[in-house]
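The structure under discussion appears below in the form of structure tokens.
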Amino acid sequence: MLDQLLAALNETERAAVDEEEYQVLRAVVDELPAFSREISQLIPILQEIQGKHGYLPRLALDLVADHVQTSIGKVYGIATFYNQFRFNPPGRNPIKVCLGTACHVKGGEILMENFERRLQIKEGETSDDREYSLERVACIGCCALAPAVVVGEKVEAYVTPSKVEGIITEIEVRNEMAAREQAKNDETSE
Amino acid sequence: MTKLVNSPKEHLLVLAEQAKERVKELKESPVPVIYVGCATCGRAAGALETIAAFAEVLKDQGIEARIEKVGCLGHCYAEPLVIIQNPGFPPLLYQKIGAGEAGILVRSFLKDGSDPCYEYLIGALEADENFPTLMDYPRYLYENRVVMEHCGLIDPDDIDHCLAVGGYLSLAQGLEKGGAWVLEEVKSANLRGRGGAGFPAGRKWEIARKVEKTPKMVICNGDEGDPGAYMDRTLLESNPHQVLEGLALAALAVGAERALLYIRAEYPLAVEIMERAIKQAQEKNLLGADILGSGFSLEVSVFQGSGAFVCGEETALIESLAGNRGMPQPRPPYPAVAGLNGLPTVINNVKTLSTVPSIIRNGHQWFRSIGTEDSPGTAIFSVVGEVEYPGLVEVPMGVTLEHLVVDVCGGIKDGKELKAVQIGGPSGGCLPASLMETVIDFDSLKSVGAMMGSGGLVVMNEDTCMVEVARYFTDFTQGESCGKCTFCRIGTRHLRDILHLITIGEGTVEELADLEEISEAVIKGSLCSLGKTAPNPVLTTLRFFRDEYVAHIEEKRCPARMCRPLIAFYIDLEPCARGCDACVACCPTDAIFTTSNRKKAIDQEKCVKCGECVYACPPEYDAVRRISPPEMIPDQGVEPLSEAEKEKEESK
């Protein structure tokens, strides 16, 4: 099925499916038989796939459509209707800026701009090195701690524009320390 | 179960006894017990770091103590909250306990018990001669906690904590007396749906009960999508069994065999906690087959919503369960008659279901003694924004907005003026200070153009622009409109576009009439309440704050100085301190430069108006000014420092 789908793509589309995405698709092919074929399970299936791989590759939607015996249009319609689903891989440090009412009033939009400027990506995008992705969320329910930003799994409270710099620096420092640690381990193991 | 028991109630009492024994061990623990509030908001404020710090310092100091995770008390301003139960003292509640404070508490209080650290103390949970009690604070005194009674005091991951405080007792009682009795009690109590519209829960149940088609289903609607409300999340995370008990009672009353918790995907912790709670309840035979030997069975599962505000609408929620786009359907038939797969489906909000056990336990007369005649019971609000003590507040229906904001939540922060309260989220409205005497109940709020909604309440001071708030909510509903009804889909877009033009200073006076006309059309032409209520923020701000709209249009001025295209920042050279660099370091775009007399000025071309320099400027100088319209910046004869001087400076 996957090979058929790939064969049906035009050249630019095929070029867009890199090795990593191909591996994700292969994994989806292997996982699908475990899922129910009930059409009512469409959303949970998409949630599972995204939960595992972080996003829904375009061809994965075709695979799911085939699995539950429905049209690709229906699956695509569902996936784009709900805010939870994303179609590009998230960064290793996904950043979600809360833009609920309380956060908005306290300057959530300004935080978003600061992240965009600092990371050189726009809302909804992932940086080229896949280190960061930037999204907005409607409300994470931490309104009394506004404005809030979710970095990875961690909720940062009372974020100010200058704290944006601090958040990114913290990640950079952590990465660098990990890299050094890695290098040290490599040395000792040699 | 070794002992043979006859009735569900006896069965439950055995379970409750066992639970009490286990919890007693904790309550009478010979070593100190540290309870840390670990709901999502507590974690955001650093509760997990606090726990790690406690563990580390305890180990370091060689002190034996237990650490227990509990849910949320709702006092968000004081997070992370910690309760310490130290033998010889009453249980004491502490606020804002970060890692550092945790260490101090262990060393000063737990090590030798000499100093209970009054500086972090809020009060004692029980009456005591030596400590203030919580009831000494207005926040605790005025609240009437029915639904949130145990939130933040019990461990949501341990069913015994819930059983020990009377959990599932109402269910056992309901099982003995039967579904018809439960229905009568809830009907007589006149429990109105807490999801926003206020439809009586008992009536809904009765309709479903009378339909002969089976199997029936009850659904707990935890798709809390209102940006600014989070009480459903707190209830799910802090007292999950209360929700399950309410759900089981609802199922019993309508004769359903299946129950579902629909929780939005943005609440991963709530999903995790609920799944664990269901499992624990099944193990104790409080859910599942033949509950407590009564013959009544209920299968419960969790469904994760995928993030669509419109799914708060019953018929849209059902569509999404069926694997479709969540688009509302015309009613009738009502879901209670023909819902999921054409079968009777009852959908109730988390708060509604959480209220049910207390009604069954205390009787409908008790419930009707709280609140008002037409809106009995309590209301939970998430009061956020510019108040002194933001958080979750449970008050009886019928209190005034003034009481809620000023008495209970401590009034406006920083001595500023209250300008408006936004109540009910995207479906609600902005009420001005002059309407603060409005009584909080379903009908009074509707009469002034707002709505109870899901109970989100954002308090705004003079720095919040009402046009911008209307634009924000319209932008939200525009994005969340499912697209089914033309008026909602296109109407909200026009509303948003016009509001956007006004906030950037390009609106016209004629457009104000357009806003009103389109709003009316959207209300009339929409199927579900998302569209029917979407214009509320626009209409209420137009009604109460029309002068702000006019200022934006005619003077290109934002009175609240919030709309960025209409404002500018400048530094007043008079108070600006020579040689101070505080603002320079914080500016994300390097827009601040040194002037010829070594003070600071802002390059308006580079400035993105983030306002960071306002906070960075030391309060003793307080030199950064925000002004609207931008042309109003006074000419102070600013000259940048010459290159030669700059070099001289640097070489020093």
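Every number in this text was worked out from the coordinates using simple rules, so none of it is lab data. These numbers were taken from a predicted model, which means no experiment stands behind them. Glycine also receives a Cβ, built like all others from the backbone with ideal geometry; neighbour counts cover every protein chain displayed.
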Packing rank of B:229-235, B:45-51, B:375-381, A:81-87, where each peptide gets the mean count of other beta carbons within 10 Å, highest leading: B:229-235, B:375-381, B:45-51, A:81-87
C-alpha long axis of helix B:179-189 to longest principal axis of chain B, angle in °: 40 degrees
Nearby lysines by direct alpha-carbon distance to A:LYS52 (threshold 21 angstrom, same-chain neighbours under 8 apart not counted): A:LYS96, A:LYS154
Peptide B:317-328 - average C-beta neighbours from other chains (10 Å radius): 4
Intensity falloff of chain B expressed as log10 I(q)/I(0), Debye formula with alpha-carbon point scatterers, at q = 0.06, 0.10, 0.11, 0.12 Å⁻¹: -0.40, -1.01, -1.16, -1.29
Straight-distance crosslink candidates among aspartates and glutamates, where the alpha carbon sits under 13 Å from A:LYS184 and sequence neighbours closer than 8 are dropped: A:GLU176
Sequence ranges A:113-120, A:40-47, ranked by mean other-Cβ count within 10 angstrom, highest first: A:40-47, A:113-120
Helix-only CD estimate at 222 nm, as mean residue ellipticity for chain B, using -39500 (n - 2.57) per DSSP H run (n ≥ 4): -11000 deg cm²/dmol
Table column - 3J(HN,Hα) (Hz), segment B:29-35, Karplus curve with 6.51, -1.76, 1.60, x for Gly and Pro: 4, x, 9, x, 10, 10, 9
Where a label projected 7 Å from the Cα of B:GLU402 along Cα→Cβ would reach, residues of segment B:421-460 with amide N under 12 Å: B:433-439
Cα→Cβ-extended label distance, 7 Å offset, between B:ASP136 and B:MET632, nm: 4.6 nm
Cross-link pairs B:LYS600/B:LYS646; B:LYS446/B:LYS524; B:LYS96/B:LYS416 - those with Cα-Cα distance over 19 Å: B:LYS96/B:LYS416
Volume per residue that the Cα convex hull of segment B:1-129 spans, once the total is divided by residue count, Å³: 145 Å³
Whole-Hz ³J(HN,Hα) from phi, Karplus 6.51 cos²θ - 1.76 cosθ + 1.60, for segment B:134-143, glycine and proline x: 4, 5, 6, 9, x, 4, 7, 5, 7, 6
DSSP bridge pairs, chain B: antiparallel proportion in percent, nearest 5: 60 percent
Cross-link table B:LYS187/B:LYS284; B:LYS69/B:LYS279; A:LYS106/B:LYS413; B:LYS210/B:LYS532; B:LYS419/B:LYS556, entries beyond 25 Å C-alpha to C-alpha: B:LYS187/B:LYS284; B:LYS210/B:LYS532
The protein assembly as shown: proportion of alpha-carbon pairs further apart than 42 angstrom, %: 37 percent
Share, in percent, of DSSP beta bridges within the protein assembly as shown that are antiparallel, nearest 5: 55 percent
Contact order relative to length of chain B, as percent, for alpha carbon pairs under 8 angstrom and 6 or more apart: 11 percent
Radius of gyration and Dmax over the Cα atoms of segment B:210-342, both given in Å: 14.8, 43
Rounded to 10°, Cα long-axis angle of helix B:350-362 versus longest principal axis of chain B: 40 degrees
Check: the protein assembly as shown dipole with +1 on Lys, Arg Cβ and -1 on Asp, Glu Cβ, in debye: 2380 debye
All aspartates and glutamates inside 20 Å of B:LYS20 as judged from Cα atoms, apart from same-chain residues fewer than 8 positions distant: B:GLU10, B:GLU28, B:GLU68, B:GLU126, B:GLU149, B:ASP155, B:ASP157, B:ASP158, B:ASP160, B:GLU245, B:GLU283
Förster-model FRET efficiency, 35 Å R0, A:ARG37 and A:THR80, C-beta, rounded to 0.05: 0.95
Placed amide H near B:LYS419: partners under 5 Å, 5+ positions off or other chain: B:MET460, B:ASN461, B:GLU462
Integer Hz, Karplus 6.51/-1.76/1.60 couplings in order for segment B:249-261, x for Gly and Pro: 5, 5, 4, 4, 5, 9, x, 8, 10, 10, 9, 9, 9
Simple spin-label estimate for B:TRP366 and B:ARG546 in nanometres, 7 Å along Cα-Cβ: 5.1 nm
Protection proxy ranking, peptides B:608-617, B:311-320, average beta carbon neighbours within 10 Å, highest first: B:311-320, B:608-617
FRET efficiency, 1/(1 + (r/R0)^6) with R0 41 Å, evaluated for B:GLN95 and B:ASN597 via beta carbons: 0.35
